[in-house]
Amino acid sequence: MTDASRPIRIGVQLQPQHAGYAAIRRAAAEAEEIGVDVVFNWDHFYPLYGEPQGAHFECWTMLGAWAEATERVEIGALVTCNSYRNPQLLADMARTVDHISGGRLILGIGSGWFEKDYDEYGYEFGSAGGRLNNLARDLPLIKERWAELNPAPTRDIPVLIGGGGERKTLKIVAEHATIWHGFGRAETIAHKHAVLDEWCAKVGRDPAEIERSSGVSPKPGRLPEDVADYAAGAEALYAVGTRLFTVGIGGPRYDLGPIRDLVAWRDSRGDG
């Protein structure tokens, strides 16, 4: 059960690949100027698309820079890989970026999946189940460290958890998340929402406390020359309870046209 009163929010994931940092910084500033609500990057060490050894930058040092380079938007990773940092350290990093940004950080986090990152940087890949167990173990440690840090975070830092596994991931979401992020068509997202609601009932959590977030794909046109319709894709997700809508955009040229479309859609609805 989602909270129907939540406003529509628009996010962009600026994928830190195949571009110089100046281009990424310009894209973040442009996204804020357009009117997005959240600017995300991702937590990988190599490109996910295109040339596998192409240009790429690290997640958290970039978030610290974005905290100074932006003024209004929330910022975060979509998502941090739990395997790459000690949870106590990650808590301190997040608290620091929270302060630098004036309370605009979202801690997006997941269990990790990109095996090349693990192999190249010397992390143990293990199993998907083991990585999820580690995420469930580490989230309470992160929150405990936030309670001990001096100075404390400026706010209760929102925790966004990405992933759609129905046996483990959505249980962890029900227990710990402020925001759940998933991918898929509207019918898939609707099913995941129902499963998440069931987990909330089992762990004693009000499901309306969890903002529902989805990646947006354009509704395909009937003809090859039709313009990609991101607003129609978002409208379908809205109907099943999504309220934070994010499009991923990669370098070297960050074309923010889809974000302009989604911001216009948000504003036209009057829910944002």
So GLU74, is it surrounded by 16 or more Cβ atoms within 10 Å (Cβ to Cβ) and under 30 Å from ARG205 (Cβ atoms): yes
Cβ pairs under 7 Å, 6+ apart, first in the stretch 202-221 and closer than 21 Å to GLU235 by Cβ, second of a type in the set (Lys, Arg) and at pLDDT 95 or above: GLU211/ARG243; ARG212/ARG243
GLU58 in contact (Cβ under 8 Å) with a residue 60 or more places away in the chain and surrounded by fewer than 19 Cβ atoms within 10 Å (Cβ to Cβ): no
Among the candidates LEU160, LEU132, residue that is surrounded by 20 or more Cβ atoms within 10 Å (Cβ to Cβ) and in contact with a Leu (Cβ under 8 Å, 6 or more places away or on another chain): LEU160
Which listed residue, of GLY35, GLY50, is open to solvent by 60 Å² or more (accessible area, probe 1.4 Å), touching a residue at least 24 places away in the same chain (Cβ under 8 Å) and on the phi > 0 side of the Ramachandran plot: GLY50
Selection within the stretch 16-32 - in a loop (DSSP other than H, G, I, E, B) and open to solvent by less than 30 Å² (accessible area, probe 1.4 Å): PRO16, ALA19
Test: residue in the stretch 142-161 that is part of a helix (DSSP H, G or I) and within 17 Å of the chain's Cα centre (by Cα): no
Meets criteria (assigned to a strand (DSSP E or B) and of a type in the set (S, T, N, Q)) for GLN13: yes
Pair list, Cβ < 8 Å and 6+ apart or interchain, from the stretch 239-261 residues that are on the phi > 0 side of the Ramachandran plot to residues that are small (Gly, Ala, Ser) and modelled with pLDDT of 95 or more: GLY241/ALA190
Any hit, the stretch 97-116, residues being in a helix (DSSP H, G or I), open to solvent by less than 50 Å² (accessible area, probe 1.4 Å) and over 22 Å from SER213 (Cβ atoms): no
Residue count, the stretch 162-191 (criterion: over 18 Å from ASN133 (Cβ atoms), in a loop (DSSP other than H, G, I, E, B) and not hydroxyl-bearing (Ser, Thr, Tyr)): 3
Any hit, the stretch 40-57, residues being of a type in the set (Ser, Thr, Tyr), farther than 30 Å from ARG205 by Cα and part of a loop (DSSP other than H, G, I, E, B): yes
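The values are calculated or read from the model by the stated rules, or taken from the named source; none is laboratory data. Just so we're clear, the structure is a prediction, and the values are computed from it rather than from any experiment. Note that each Cβ is placed from the backbone with ideal geometry, even for glycine, and that neighbours are counted across all protein chains shown. For accessibility, only protein heavy atoms count, side chains too; no ligands or nucleic acids. Shrake-Rupley method; radii C 1.70, N 1.55, O 1.52, S 1.80 Å.
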